[in-house]
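Written below as structure tokens is the structure these notes are about.
The values are calculated or read from the model by the stated rules, or taken from the named source; none is laboratory data. This structure is a prediction, so every number in the text was calculated from the model and none was measured. Heads up, the Cβs are rebuilt from the backbone with ideal geometry, glycines too, and the neighbour counts pull from every protein chain shown. Ligands, DNA and RNA are stripped out before the accessible areas are found, and what is left, the full protein with its side chains, is counted by its heavy atoms. Shrake-Rupley method; radii C 1.70, N 1.55, O 1.52, S 1.80 Å.
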Amino acid sequence: QVQLVESGGGLVQAGGSLRLSCAASGTTFSNRVVGWYRQAPEKQRDLVARIDRLRTTFYDSSVKGRFTISRDNAKKMVWLQMNSLKPEDTAVYYCNFPDGLAPWGQGTQVTVSS
């Protein structure tokens with residue numbers, strides 16, 4: 001059974017940084033595309049960053065230049081380094097596999113105060 005566990009969220013002031021972590025289990029990992037999604041209140045869940053098996057990355061324009069996604073295949077982990085945070089980054093953040101969604105984890109709340 002695939003399990004995704006996110007952590008690292010919190011409350012931070014605008015301009016601050018956070019590093020989110022995601023641990024995956026119950027699935028192959030090294031050959032899969034892994035992504036970070038976020039969902040703000042009353043909005044849809046959107047993909048903000050992804051990384052493929054060759055470590056090629058993609059970022060949504062709203063986070064490009066501020067967020068960095070990385071992975072460790074041996075540990076089956078993916079991280080999202082978030083810098084220069086803005087209040088509009090406030091959301092629950094989730095990791096998942098864009099090439100075949102697994103059951104969603106509980107997510108981790110990121111709140112950016114102005």
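Listed by first and then second residue, the pairs linking a residue in region 84-112 that is in contact (Cβ under 8 Å) with a residue 12 or more places away in the chain and basic (Lys, Arg) to a residue that is part of a strand (DSSP E or B) and open to solvent by less than 50 Å² (accessible area, probe 1.4 Å), with Cβ atoms under 9 Å apart and 6 or more places separating them unless they lie on different chains, are 86/112. Can you confirm whether residue 114 is in contact with a helix residue (DSSP H, G or I) (Cβ under 7 Å, 6 or more places away or on another chain) and open to solvent by 60 Å² or more (accessible area, probe 1.4 Å)? Judged against the criteria, residue 114 is a match. Being closer than 21 Å to residue 28 by Cα and of a type in the set (S, T, N, Q) is the filter; apply it to region 43-76 and report the residue that is most open to solvent (accessible area, probe 1.4 Å). That would be 56. For region 28-41, check the following and say yes or no: at least one residue is under 16 Å from residue 3 (Cα atoms) and without any contact (Cβ under 8 Å) to a residue 12 or more places away in the chain. Scanning region 28-41, I find at least one residue that is under 16 Å from residue 3 (Cα atoms) and without any contact (Cβ under 8 Å) to a residue 12 or more places away in the chain, so the answer is yes. Which of the residues belonging to region 77-109 are of a type in the set (A, V, I, L, M) and either open to solvent by less than 40 Å² (accessible area, probe 1.4 Å) or in contact with a helix residue (DSSP H, G or I) (Cβ under 6 Å, 6 or more places away or on another chain) (or both)? Within region 77-109, 78, 80, 82, 85, 91, 92, 102 qualify. If you check residue 73 against the conditions, is it farther than 20 Å from residue 12 by Cβ, touching a residue at least 24 places away in the same chain (Cβ under 8 Å) and over 12 Å from the mean Cα position of the chain (by Cα)? Spelling it out, residue 73 is indeed farther than 20 Å from residue 12 by Cβ, touching a residue at least 24 places away in the same chain (Cβ under 8 Å) and over 12 Å from the mean Cα position of the chain (by Cα).
The residues of region 23-42 that are more than 15 Å from residue 91 (Cβ to Cβ) and either surrounded by 15 or more Cβ atoms within 10 Å (Cβ to Cβ) or among the polar types (S, T, N, Q) (or both), listed by number, are 23, 24, 25, 27, 28, 29, 30, 31, 32, 33, 34.
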